[in-house]
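Everything on this sheet refers to the single structure shown next.
The values are calculated or read from the model by the stated rules, or taken from the named source; none is laboratory data. As the structure is a prediction and not an experimental result, all values here were calculated from the model. Note that each Cβ is placed from the backbone with ideal geometry, even for glycine, and that neighbours are counted across all protein chains shown. Side chains included, ligands, DNA and RNA excluded: accessible areas come from the protein's heavy atoms. Shrake-Rupley method; radii C 1.70, N 1.55, O 1.52, S 1.80 Å.
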Amino acid sequence: MKPYSMDLRERVLRACDAGAGTRAVAQRFAVSESWVRRLKQRRKADGRTAPRSSRNRRTPKLAAHADRIRELIAATPDLTLAELRAKLGVTVALGTLWAAVAGLGLTVKKKSTGRPSRTGPT
């Protein structure tokens, strides 16, 4: 969810400073009362009204291996995830490796060289 704009924050605070109550301001600008209350509290506590930065600062475990993953998949596109993990020399779950591969926009698919199975009505 995107944070509210600075323009909206300034208009909300101006309305509060003009004497309007929290509930009236929240209804006027179609925001929650608790958000208006927290915005006023932050301004009073430290003077800041800008949105806080995103809290998810976690970097993916395999971010350092992105180039190597691309190279391995380009060289051998039919690697299984287990084979890819072994070639990378990392100890991560296959789900973690799959998320890294998908995050790079790549796929790991086995191509069958045989005939497709015949599954028709019997």
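Give 59, 113, 49 a once-over and let me know the one that is among the β-branched types (Val, Ile, Thr), at pLDDT below 95 and either surrounded by 10 or more Cβ atoms within 10 Å (Cβ to Cβ) or not in a loop (DSSP other than H, G, I, E, B) (or both). Please lay out each step first, then the result.
Values: 59 fails: either surrounded by 10 or more Cβ atoms within 10 Å (Cβ to Cβ) or not in a loop (DSSP other than H, G, I, E, B) (or both); 113 fails: either surrounded by 10 or more Cβ atoms within 10 Å (Cβ to Cβ) or not in a loop (DSSP other than H, G, I, E, B) (or both).
After applying the criteria, what remains is 49.
Selection of first residues in segment 78-91 that are closer than 14 Å to residue 67 by Cα and of second residues that are of a type in the set (Lys, Arg) and surrounded by fewer than 16 Cβ atoms within 10 Å (Cβ to Cβ), restricted to Cβ pairs under 9 Å at least 6 apart or on distinct chains, gives the following pairs, ordered by first then second residue: 87/68; 88/68.
Only one of the numbered conditions (1) modelled with pLDDT of 90 or more; (2) within 28 Å of the chain's Cα centre (by Cα); (3) of a type in the set (S, T, N, Q); (4) open to solvent by 50 Å² or more (accessible area, probe 1.4 Å) is not met by residue 34, and that is (4).
For the condition out of contact with any strand residue (DSSP E or B) (no Cβ under 8 Å at 6 or more places or on another chain), over 30 Å from residue 1 (Cα atoms) and in a loop (DSSP other than H, G, I, E, B), residue 77 qualifies.
Which of the residues spanning segment 49-95 are within 30 Å of residue 37 (Cβ to Cβ) and polar (S, T, N, Q)?
Residues of segment 49-95 within 30 Å of residue 37 (Cβ to Cβ): 49-58.
Once the filter is applied, which keeps residues that are within 30 Å of residue 37 (Cβ to Cβ) and polar (S, T, N, Q), segment 49-95 yields 49, 53, 54, 56.
Listed conditions (1) touching a helix residue (DSSP H, G or I) at 6+ places or on another chain (Cβ under 6 Å); (2) in a loop (DSSP other than H, G, I, E, B); (3) among the charged types (D, E, K, R) are all met by residue 85, apart from (2).
Yes/no matrix, rows are residues, columns are (1) under 24 Å from residue 58 (Cβ atoms); (2) open to solvent by 50 Å² or more (accessible area, probe 1.4 Å):
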site	(1), (2)
70	yes, yes
74	no, yes
77	no, yes
83	no, yes
88	yes, no
91	yes, yes
97	yes, no
105	yes, yes
